[in-house]
């Protein structure tokens, strides 16, 4: 943040009292908060802003939807998608208008901003409503009001104050609406991890941006009293947010970081956040951004440099830069989250492995215990489907959250339950990583969207133990042990990185154009394999992309029969070109890896199923 402590305190001291000019108060508050994400403008995009000014709002930042400037259907009837009314009512379209107006002072952009806000206010039921209006929610209201992370109405207001469109009459109505919405929000707080924090954050930031409102002090105190608890309780001791979902962790960590900084500048909003815990959270942010676990989108290759730079800057703001290494360790375990990250270096061409043996994290968690992702040379080899769709009438919605969509095991293609896994082992040397986890909650036929809303349905007892042995810079062995009833099929799935892959079905091997291979070594009798890409019905073979449509990608699946209450062990070897794996029937607990340099590794394991290199 560029502003010094002295400058910020002087600005706050100069904020006008209630009797002074509200416009100046809003401008000065905006200047005092200028370093926080929710007060910053996007880069001006005049082409997009022109379309928004003509009544077109962009869904998911890329899909144009004509809504008009008057008589807008705020319930979101234009698009059949759960997220559309949310995004419409959050007013993300104000950002491009504000950026364009700041860059050009073209009144068309300010007039359009007024038109959208004015149209929404025509149906404003707050604070006296007995329920939220159609298309609204507690989270949506907080983002519309404006938080430390999202500008909303209050964060963009300083930009538009110079426009004649935002005259005193309109400003009076807008401020009255903001006060009423915030009053409703404060008395109807919806409990839920990120939702709750966002609502409280909105109350605090509204009180800072509009300090002259009659209810500003009450709103601030309501928000800060509860944030003191939530910004501690919602993070585990290892620093991970309780939802164990990288995208939501990143958001919540950014909020926690803001409140550490706010406490130094605005004593009245001290949330008492422990900087040392935030430092641990920053490590999780950097480690997890590439994997895409749960409702996240994996960052593109090379993004780690950006996150490392952000971490260093954040540590400096926390006053911990001189007591923290410049980057997180190459091997890092988050035991409370149940997730492990290992890599060979912090550069775009590094190899990296992420393992998810997590406890259940709630709504945004996928049925994907013991899944993993793998990048070799920076190239995605084993992927996570990520966040395909929040609309559960879209087949990709439930598919993307299902067990079968992830790099893990299911029985008969059925789902895991919404249960914890156990992280049993995470051991590292300079050239290897051994990770082990267990899932024991059975497999269920019921459809899973945001929950098993219609029940779990038929089920089968089953448990899965997975061990990953990673010979860094060489190969990965996936050792799976599945125990269930007889007469079922074990499905071992591997979402592959996008690109050309060739399946050798007789050899149970799938190979990429770059030579990376996924090989089922010594499959049992009755085993089968197929690879499907971009299928819509039933869906299979899709990966999420940030701000883009889902990407078709190969999805490899090995299937083999179960045995009655007897463990079925499978060995999958993932390696670059030149590595060959085979098993000797006389030594069932051994796999032999022939390497490009002519050397041979013998990997053996005992009853603990922990591979060891000989």
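The values are calculated or read from the model by the stated rules, or taken from the named source; none is laboratory data. What you see is a predicted model; the values in this text were computed from it and never measured. Cβ coordinates were reconstructed from backbone atoms using ideal geometry, including for glycine residues, and neighbour counts include every protein chain displayed.
Scanning region 90-103 for residues that are more than 9 Å from residue 43 (Cα to Cα) and without any contact (Cβ under 8 Å) to a residue 60 or more places away in the chain, which turns out surrounded by the most Cβ atoms within 10 Å (Cβ to Cβ)?
My answer is 97.
Could you list, in sequence order, the residues of region 337-353 that are out of contact with any helix residue (DSSP H, G or I) (no Cβ under 8 Å at 6 or more places or on another chain), closer than 23 Å to residue 243 by Cβ and part of a loop (DSSP other than H, G, I, E, B)?
Selection gives 338 alone.
Look through region 562-594, keep the residues that are part of a strand (DSSP E or B) and under 35 Å from the mean Cα position of the chain (by Cα), and return whichever of them is farthest from residue 478 (Cα to Cα).
This residue is 568.
As an exercise: evaluate residue 176 against (1) closer than 26 Å to residue 214 by Cβ; (2) touching a residue at least 24 places away in the same chain (Cβ under 8 Å) and give the number of the one condition it does not meet.
(2)
Could you identify the single residue in 519, 488, 456 that is within 30 Å of residue 377 (Cβ to Cβ) and either surrounded by fewer than 22 Cβ atoms within 10 Å (Cβ to Cβ) or at pLDDT 95 or above (or both)?
Only one candidate passes the filter, namely 519.
From (1) assigned to a loop (DSSP other than H, G, I, E, B); (2) in contact (Cβ under 8 Å) with a residue 24 or more places away in the chain; (3) in contact with a strand residue (DSSP E or B) (Cβ under 6 Å, 6 or more places away or on another chain), pick out the condition that doesn't hold for residue 124.
For residue 124, the exception is condition (3).
Determine if region 502-509 includes at least one residue that is touching a residue at least 40 places away in the same chain (Cβ under 8 Å) and exposed (fewer than 14 other Cβ atoms within 10 Å of the Cβ).
Within region 502-509, not a single residue is touching a residue at least 40 places away in the same chain (Cβ under 8 Å) and exposed (fewer than 14 other Cβ atoms within 10 Å of the Cβ).
Residue by residue, here is whether (1) touching a strand residue (DSSP E or B) at 6+ places or on another chain (Cβ under 9 Å); (2) more than 25 Å from residue 198 (Cβ to Cβ); (3) part of a loop (DSSP other than H, G, I, E, B) holds:
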{"position": "51", "(1), (2), (3)": "yes, yes, no"}
{"position": "69", "(1), (2), (3)": "no, yes, yes"}
{"position": "88", "(1), (2), (3)": "yes, no, no"}
{"position": "96", "(1), (2), (3)": "yes, no, no"}
{"position": "109", "(1), (2), (3)": "no, yes, no"}
{"position": "112", "(1), (2), (3)": "no, yes, no"}
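Looking at 586, 563, which is the one that is more than 27 Å from residue 438 (Cα to Cα) and at pLDDT below 95?
586
Among (1) farther than 26 Å from residue 209 by Cα; (2) under 27 Å from the mean Cα position of the chain (by Cα), which single condition is residue 50 missing?
(2)
Being in contact with a strand residue (DSSP E or B) (Cβ under 9 Å, 6 or more places away or on another chain) and not in a helix (DSSP H, G or I) is the filter here, so list the residues in region 220-253 that pass it.
234, 235, 236, 238, 239, 240, 241, 242, 244
If I filter region 589-614 down to residues being out of contact with any strand residue (DSSP E or B) (no Cβ under 8 Å at 6 or more places or on another chain) and closer than 19 Å to residue 570 by Cβ, which single residue comes out as surrounded by the most Cβ atoms within 10 Å (Cβ to Cβ)?
Taking the candidates together, the pick is 608.
Can you tell me which residues in region 494-503 are farther than 10 Å from residue 382 by Cβ and assigned to a strand (DSSP E or B)?
Listed by number, the residues that qualify are 501, 502, 503.
Residue-by-condition table, conditions (1) surrounded by fewer than 24 Cβ atoms within 10 Å (Cβ to Cβ); (2) at pLDDT 95 or above; (3) part of a loop (DSSP other than H, G, I, E, B):
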position	(1), (2), (3)
355	no, yes, no
360	yes, yes, yes
365	yes, yes, yes
368	no, yes, yes
372	no, yes, no
388	no, yes, yes
397	yes, yes, no
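On the given criteria, is residue 431 closer than 25 Å to residue 400 by Cβ and touching a strand residue (DSSP E or B) at 6+ places or on another chain (Cβ under 9 Å)?
Spelling it out, it is not the case that residue 431 is closer than 25 Å to residue 400 by Cβ and touching a strand residue (DSSP E or B) at 6+ places or on another chain (Cβ under 9 Å).
Restricting to region 399-423, what's the tally of residues that are surrounded by fewer than 20 Cβ atoms within 10 Å (Cβ to Cβ) and closer than 20 Å to residue 358 by Cα?
Total satisfying the criteria: 4.
With the requirement that a residue be touching a helix residue (DSSP H, G or I) at 6+ places or on another chain (Cβ under 7 Å), touching a residue at least 40 places away in the same chain (Cβ under 8 Å) and assigned to a loop (DSSP other than H, G, I, E, B), what does region 320-336 give you?
Once the filter is applied, which keeps residues that are touching a helix residue (DSSP H, G or I) at 6+ places or on another chain (Cβ under 7 Å), touching a residue at least 40 places away in the same chain (Cβ under 8 Å) and assigned to a loop (DSSP other than H, G, I, E, B), region 320-336 yields 320, 324, 327, 328.
Which one of these does residue 317 not meet: (1) over 21 Å from the mean Cα position of the chain (by Cα); (2) in a loop (DSSP other than H, G, I, E, B)?
(2)
Restricting to region 281-311, name every residue that is in a helix (DSSP H, G or I), at pLDDT 90 or above and surrounded by 15 or more Cβ atoms within 10 Å (Cβ to Cβ).
281, 282, 283, 284, 285, 286, 287, 288, 308, 310, 311
Would you be able to tell me the number of residues in region 208-219 that are assigned to a helix (DSSP H, G or I) and either crowded, with 21+ Cβ neighbours inside 10 Å or in the same structural domain as residue 39 (by TED's automatic domain parsing) (or both)?
Counting residues in region 208-219 that are assigned to a helix (DSSP H, G or I) and either crowded, with 21+ Cβ neighbours inside 10 Å or in the same structural domain as residue 39 (by TED's automatic domain parsing) (or both) gives 3.
Consider region 71-86. How many of its residues are closer than 20 Å to residue 181 by Cα and in a helix (DSSP H, G or I)?
Adding up the residues that qualify gives 2.
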